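The values are calculated or read from the model by the stated rules, or taken from the named source; none is laboratory data. Quantities reported herein were computed from a predicted structural model and do not represent experimental measurements. Using ideal geometry, Cβ is built from the backbone for each residue, glycine included, and neighbour counts are taken over all protein chains shown.
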Amino acid sequence: MHTPGIEDTFRPRADPRWHLTQLGGGRLLVTGAGLRLALAGVRRDRYADAQIDDYAGLARRSFPWRPPLCLTVRARVSGPIAGTAGFGFWNNPLSPLLDGWPALPSAIWFFHASPPSNMPLAHGVPGQGWKAACIDATQPAALAWAPLAPPVLVLNRIPALFARIWPLVQRGLRIAEAPIAAPDTRWRTYTLEWREDLARFGVDGTTMLETDRPPRGPLGFVAWIDNQWAVVTPQGRFGWGLLDAGPQWLDLALLRIERL
């Protein structure tokens, strides 16, 4: 059964469907323009997050969104963001609370990660900054690479082999990314057309990324801003930590999800 669409301007209050998270100095504030997700100056000794989502308490198989649909978000930010931020759909893979264990990642979203983050999952695309991006490591083509992961990580350290091997892995994991201009205090309209065999990302009417291998779903919607960083590279470098961050914010004036 398909979840009905939604349109929310967050005024005079956010739609009751959203699960609201305010951790470690993260705050959700209704303003005259919409909903502000804010970090009001936080330290690297604790995790801070301001977030809305619609999957809290659900098993991943019951997450509400599958293609075909169209997401429209009217958003702006305070300036450079320290940490990660974004909006779109994912399967919250690291949470063991949903099904009793973590999962392989699946996401289709507008995503930002600041230095020292480095997650260059698409060949030739920087591992930090604002991106239109998707991945689905839950499908059989992706799982087929799992036994080969150790030697692939080693071989990727040789540039010539990395250039040949990683595009094959990237296709199997349905990874597609494209950099987008960093948002600022001007309102911009972000769109995502998500179909079974096509995803098209746009900013202010300009297409930024198309892929013929989007995730299958089901996924949940999330919008957030936090103070974490992460390193995940095809050469086997991994890391995670927290940053001093803020004051900084992400504003949402419109969030629309339409069934196609």
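Once region 171-197 is narrowed to residues that are loosely packed, with under 15 Cβ neighbours inside 10 Å and touching a strand residue (DSSP E or B) at 6+ places or on another chain (Cβ under 9 Å), the residue that is farthest from T84 (Cα to Cα) is R195. So is L155 surrounded by 15 or more Cβ atoms within 10 Å (Cβ to Cβ) and of a type in the set (A, V, I, L, M) or not? Criteria met by L155. Within region 144-183, the residues that satisfy the criterion of being touching a Phe, Trp or Tyr at 6+ places or on another chain (Cβ under 6 Å) and either outside any helix (DSSP H, G or I) or among the hydroxyl-bearing types (S, T, Y) (or both) are N156, I180, A182. Would you point out the residue of region 106-119, among those that are surrounded by fewer than 20 Cβ atoms within 10 Å (Cβ to Cβ) and more than 18 Å from V77 (Cβ to Cβ), that is nearest to the chain's Cα centre (by Cα)? Checked region 106-119; the qualifying residue nearest to the chain's Cα centre (by Cα) is N118. Of all residues in region 43-68, those that are at negative phi and of a type in the set (V, I, T) have Cβ atoms under 6 Å from Cβ atoms of residues that are crowded, with 22+ Cβ neighbours inside 10 Å and not in a loop (DSSP other than H, G, I, E, B), 6 or more apart or on another chain, in I52/A223. Buried (at least 16 other Cβ atoms within 10 Å of the Cβ) and at positive phi: which single residue out of G79, G83 fits that description? Testing whether each residue is buried (at least 16 other Cβ atoms within 10 Å of the Cβ) and at positive phi leaves just G83. Under the condition of being more than 14 Å from R17 (Cβ to Cβ) and over 19 Å from the mean Cα position of the chain (by Cα), the residues counted in region 35-58 number 7. Looking at the structure I just gave you, is A133 surrounded by 19 or more Cβ atoms within 10 Å (Cβ to Cβ), in a loop (DSSP other than H, G, I, E, B) and of a type outside the set (S, T, Y)? It is false that A133 is surrounded by 19 or more Cβ atoms within 10 Å (Cβ to Cβ), in a loop (DSSP other than H, G, I, E, B) and of a type outside the set (S, T, Y). Those strands (runs of 3 or more DSSP E) of region 202-248 in which at least 1 residues are of a type in the set (S, T, Y) and either touching a strand residue (DSSP E or B) at 6+ places or on another chain (Cβ under 8 Å) or surrounded by fewer than 20 Cβ atoms within 10 Å (Cβ to Cβ) (or both), considering only elements entirely within it, cover 206-211. Those strands (runs of 3 or more DSSP E) of region 7-122 in which 1 or more residues are of a type in the set (V, I, T) occupy 19-23, 26-30, 49-53, 69-77, 84-90, 106-113.
The conditions of being of a type outside the set (A, V, I, L, M) and modelled with pLDDT under 95 are met by N156. Here A122 fulfils each of the conditions (1) touching a helix residue (DSSP H, G or I) at 6+ places or on another chain (Cβ under 7 Å); (2) surrounded by fewer than 20 Cβ atoms within 10 Å (Cβ to Cβ); (3) small (G, A, S) apart from (2). Restrict the check to region 217-232 and report whether at least one residue is of a type in the set (F, W, Y), within 13 Å of the chain's Cα centre (by Cα) and modelled with pLDDT of 95 or more. Yes: one or more hits.
Within region 184-201, being in a loop (DSSP other than H, G, I, E, B) and either under 30 Å from P140 (Cα atoms) or not aromatic (F, W, Y) (or both) holds for D184, T185, R186, E196, D197.
Every condition in (1) surrounded by 13 or more Cβ atoms within 10 Å (Cβ to Cβ); (2) more than 15 Å from the chain's Cα centre (by Cα); (3) in a loop (DSSP other than H, G, I, E, B) holds for A141 except the one numbered (3).
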